[in-house]
Amino acid sequence: MKVKITATGSYSPEKILTNAELEKIVDTTDEWITDRTGIKERRIAAENQCASDLAHQAALSALNSACMKPDDLDMIIVATVTGDMQLPSTACVLQSKLGAFNAVAFDVNAACSGFIFGLSTACSYIKTGAYKKVMVIGVECLSKFTDWEDRTTCVLFGDGAGAVILEPSDDESSCILSTDIHSDGRFAELLYVPGGGSMMPASPETLKDRAHYVKMKGNEVFKIAVKTLENLVIDTLKKNNVDPSELSLLIPHQANMRIIQATATRLNLTPDRVFVNIEKYGNTSAASVAIALDEAVKTGRIKKGDYVLLEAFGAGFTWAAALIKW
Ligand code: COA
C-alpha cells in the first residue's frame, strides 16, 4: 500500500515583526539579519493565541482543501516543541477545538524535523491498514519561548502552522516514495530549552536565569546542519534511484538562507527548483516545511508527477527527509 498527500493547509498569525522593528528591541541591524540569515520579517502570535489556535486554523484550511469534515479524520499528529501546555498534548486540545472525535490524537517532538517525523509516523500507521485519513500538523509559537533580550536567537524565529491530510493510495505514480528520520542525542545542549522540565523544574531561580527560553550555539549548529543535510538529500535520492537533475522542487527547512543554498549547491539545483519563504516567516521550526509545502502547492510550484524533496534539521539533533512523487 502507498500513501498520498491529498490536501494541504497553513496559517500564519497576522502580526508582522520586521527587522527594522527588531533594531529597536536588541542591538542588531536589518543588514546583519538579512546577510547572515535571509530573514526580513516574521509572524508573531497574538497574546491570546497559542499553538493549538494556529494549528486549528491550518487544520481547517487543509480540511477545506480536501472537502472533508473533522469527523472524517481517524488520526491527528501534531509536531511541536512549543505546545499549549506540558500536558495534555496539543493534539488533544486541537482535537477538541476541531470536534474531530473519531480521531486518536498525539504529539511528536522532533523540533524542526517534527513535521517530517510526523509524516513518517502517519505513513507507517496508514500502511498497517488501521488508519485511513490522517492529519499531520507542524505548529510553533516560538515567540513565547524566545528571549527577546538575546540578539543571537530572537531575530531567527517566528510563529505559524502547516497541515497535510494523508490517505492510502494504490497509485504508485503519485505517492510518498520514502521517509527517512534520524537522531543523535549527543548534541542536545547545542539547541535546547533547559528550564521548566523535570531536569530543572520551574522556580524563581529558573525565571531569573531566563532558563525557559531557547538557547542555541548557532555557529556550531550551522556547521553540523550543513554537512548533515547535504548527506541526507544525496542519500535519499540515491535510495530512490532519482538523479538530482530529475528533482522538480526542494522544500527545505527554512532556518538559514546560507544552509538552504549549501544544500541546493550540493544538488546542483537552480534557484527556481528550491522553495524559499524564509524572508517572510523566519524559522518556524516544525511548521516551516509544512507551511512551505502548502505555499508551493497553492502557488502552482508543484505539478502532478513532480519529484518533490522535503528536508529538515533541528534540535536533538534530529534530521529527516521525505521524497514525494506528486
Ligand atoms: N545582530 C548583530 N550581530 C549578531 C547578532 C545579531 N542578531 N547575533 C549574533 N551576532 C554577532 C555575534 O555576537 C558575533 O559577534 P563576535 O564575532 O563579535 O562574537 C557575530 O555576530 C557572528 O556570530 P556567529 O554566531 O558566528 O554568526 P553566524 O554567521 O554563525 O550566524 C546564525 C548566526 C544563528 C544565524 C547561524 O549560526 C545559524 O543560522 N545557525 C544555525 C541555525 C539552525 O540551523 N538551527 C537548526 C534548526 S532550528
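The values are calculated or read from the model by the stated rules, or taken from the named source; none is laboratory data. The shown structure was predicted, so the numbers you read here are calculated from the model rather than taken from an experiment. All Cβ positions, even for glycine, are placed from backbone atoms using ideal geometry, and neighbour counts span all protein chains on display.
Give me the pairs, please: first residue somewhere in the range 256-274 and not assigned by TED's automatic domain parsing to the domain that holds Trp319, second residue anywhere and small (Gly, Ala, Ser) and within 16 Å of the ligand (Cβ to nearest atom), beta-carbon distance under 8 Å, and either six or more positions apart or on two chains.
none
Condition first: assigned to a loop (DSSP other than H, G, I, E, B), more than 10 Å from the ligand (Cβ to nearest atom) and more than 23 Å from Val193 (Cα to Cα). Can you find one or more residues in the range 278-298 that meet it?
No, the range 278-298 contains no residue that is assigned to a loop (DSSP other than H, G, I, E, B), more than 10 Å from the ligand (Cβ to nearest atom) and more than 23 Å from Val193 (Cα to Cα).
Go through Ile324, Ile259 for me and flag whichever is farther than 21 Å from Asn109 by Cβ and within 16 Å of the ligand (Cβ to nearest atom).
Details: Ile324 fails: within 16 Å of the ligand (Cβ to nearest atom).
So the residue among Ile324, Ile259 that is farther than 21 Å from Asn109 by Cβ and within 16 Å of the ligand (Cβ to nearest atom) is Ile259.
State which residue is farthest from Thr152 (Cα to Cα) when the search covers only the range 219-237 and only residues that are in contact with a helix residue (DSSP H, G or I) (Cβ under 6 Å, 6 or more places away or on another chain) and near the ligand (Cβ under 10 Å from one of its atoms).
Out of the qualifying residues, it is Leu229.
Take the range 104-119 and flag every residue that is closer than 21 Å to Leu60 by Cβ and surrounded by fewer than 22 Cβ atoms within 10 Å (Cβ to Cβ).
If the condition is that a residue be closer than 21 Å to Leu60 by Cβ and surrounded by fewer than 22 Cβ atoms within 10 Å (Cβ to Cβ), then Val104, Phe106 are the ones that fit.
Yes/no per residue for (1) surrounded by 22 or more Cβ atoms within 10 Å (Cβ to Cβ); (2) under 30 Å from Asp74 (Cα atoms); (3) within 12 Å of the ligand (Cβ to nearest atom); (4) not assigned by TED's automatic domain parsing to the domain that holds Ala100:
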{"site": "Val136", "(1), (2), (3), (4)": "yes, yes, no, no"}
{"site": "Glu140", "(1), (2), (3), (4)": "yes, yes, yes, no"}
{"site": "Lys144", "(1), (2), (3), (4)": "no, no, no, no"}
{"site": "Arg151", "(1), (2), (3), (4)": "no, no, yes, no"}
{"site": "Val155", "(1), (2), (3), (4)": "yes, no, yes, no"}
{"site": "Asp159", "(1), (2), (3), (4)": "yes, yes, no, no"}
{"site": "Val164", "(1), (2), (3), (4)": "yes, yes, no, no"}
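Taking the range 1-42 on its own, how many of its residues are more than 21 Å from the chain's Cα centre (by Cα) and within 30 Å of Ser173 (Cα to Cα)?
Summing the residues that are more than 21 Å from the chain's Cα centre (by Cα) and within 30 Å of Ser173 (Cα to Cα) in the range 1-42 gives 2.
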